[in-house]
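In what follows, a structure is listed as structure tokens, so that the remarks can point back to it.
Quick note: the coordinates plus some simple rules give every number you see, no bench work behind them. Treat the numbers as computed from the prediction; the structure is a model and nothing was measured. Don't worry about glycine lacking a Cβ; one is built from the backbone with ideal geometry, like all the others, and counts go over all protein chains shown.
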Amino acid sequence: MNKVQKKIYVITGSNKGIGLGLVENLCKRFIQNSNFESTIFATTRQEKLGLESIKALSEKYPTVKNQLLYHQLDITNNESIAKFVNHLKTNNIKIDILFNNAGILIKDNNDKSNIEVSKEVLNTNYHSVINLTNELIPFINPYGHIINVSSKLGTFMELSKLIRYRFDNEKITMEELDTLEKEYYNAVENNKEKEQGWLNDFNWPNSYCISKVFLNAYSRQLAWKLLDQKIRVNVFTPGWCRTDMGGSSATNDIYQGAETGVMISEMEDNDDFTKSYCKYYASSQVADW
Ligand code: NAP
């Protein structure tokens, strides 16, 4: 008989897009495998949207509705994080899989200066992920898994040689990342992003690409830090998906986008953590950073 799987998933930004795709794909897995008695904590910053989405999912997948839980969570808001943490503490809930999915991309920055946009995007896509993850680590079970949703736009190979080698270092420290962040803001303020190697050739806002570069580098150093606690960290790109962020011309739907994340979350618990050290996945395969 197959082992009963009783894992607790936490997913940020689950009311739409890839986050919703992750919740739905997991619901479908639970339905296909009656031994999957796992629970999903869907979280959203807008409670109304979150509750509506949970209601719709419970109606669509009635047999697993008891495996769907909800909590409000704005990853940029410390009070909201504290309430979620308190909920976990009070109810003695431990997490097995944390999907850091919530993210923003600012296209139209007519009202804000470039530096304001860069700081806002890095604040959500990078600093808030670090902050939330730090708060949740005490609740993550051994053999748990932190899965960060990143992008091909944030891979190191897309950076200019000038700065690529500084990010592409699996033992990069947070101090080095802080220095790089200051240099990046300096380049933005002085309009020297291209000259100093911070621009890539993608036709997407650079602040978004750079936020994912920082997220990737942070994920690798976090994996080393959590080795002794036997918590794994991995990163994936959903590919270009039809969401509010990706737009309607994108190639993948949200379910295709979420598939790689679900696959990573189902990887076998592995005692040899040096082998399962942080990797970047695209289209369900390990890819180059
Ligand atoms: P999306 O449709 O715009 O959804 C983003 C989700 O993040 C929404 O639920 C949004 O909530 C939530 N969010 C934003 N700020 C938040 C905050 N402060 N606290 C909590 N939730 C917050 O975008 P998506 O395409 O699904 O993107 C999801 C992830 O996939 C992102 O990390 C993105 O970078 C990554 N990604 C997407 C693509 C693509 O082609 N779509 C490609 C590569 C990577 P609201 O509804 O309240 O705004």
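Descriptive notes on the structure:
- Listed conditions (1) within 16 Å of the ligand (Cβ to nearest atom); (2) under 23 Å from Val23 (Cα atoms); (3) crowded, with 19+ Cβ neighbours inside 10 Å are all met by Ile210, apart from (2).
- Options Lys28, Lys65, Lys48: the member that is surrounded by 13 or more Cβ atoms within 10 Å (Cβ to Cβ), outside any loop (DSSP other than H, G, I, E, B) and without any contact (Cβ under 8 Å) to a residue 24 or more places away in the chain: Lys65
- Number of positions in region 92-116 that are farther than 30 Å from Lys55 by Cβ and surrounded by fewer than 13 Cβ atoms within 10 Å (Cβ to Cβ): 5
- When Asp178 is tested against the conditions (1) surrounded by fewer than 16 Cβ atoms within 10 Å (Cβ to Cβ); (2) outside any helix (DSSP H, G or I), the lone failure is (2).
- Considering Lys152, Lys230, Lys182, the condition of being more than 16 Å from the ligand (Cβ to nearest atom), at negative phi and of a type in the set (Lys, Arg) is satisfied by Lys182 alone.
- The single condition among (1) among the polar types (S, T, N, Q); (2) more than 23 Å from Glu135 (Cβ to Cβ); (3) away from the ligand (no atom under 12 Å from the Cβ); (4) surrounded by 15 or more Cβ atoms within 10 Å (Cβ to Cβ) that Thr39 does not satisfy is (2).
- When Asn186, Asn110, Asn169 are checked against the criterion of being over 21 Å from the mean Cα position of the chain (by Cα) and assigned to a loop (DSSP other than H, G, I, E, B), a single residue qualifies: Asn110.
- Region 79-107: number of residues that are away from the ligand (no atom under 14 Å from the Cβ) and outside any helix (DSSP H, G or I): 7
- Counting the residues of region 1-25 that are outside any loop (DSSP other than H, G, I, E, B), under 23 Å from Ile93 (Cα atoms), within 16 Å of the ligand (Cβ to nearest atom) and not acidic (Asp, Glu) gives 8.
- Candidates Ser34, Ser80 - the one that is among the small types (Gly, Ala, Ser) and surrounded by 17 or more Cβ atoms within 10 Å (Cβ to Cβ): Ser80
- Here the condition is being crowded, with 16+ Cβ neighbours inside 10 Å and of a type in the set (Lys, Arg); of Lys119, Lys89, it holds for Lys119 alone.
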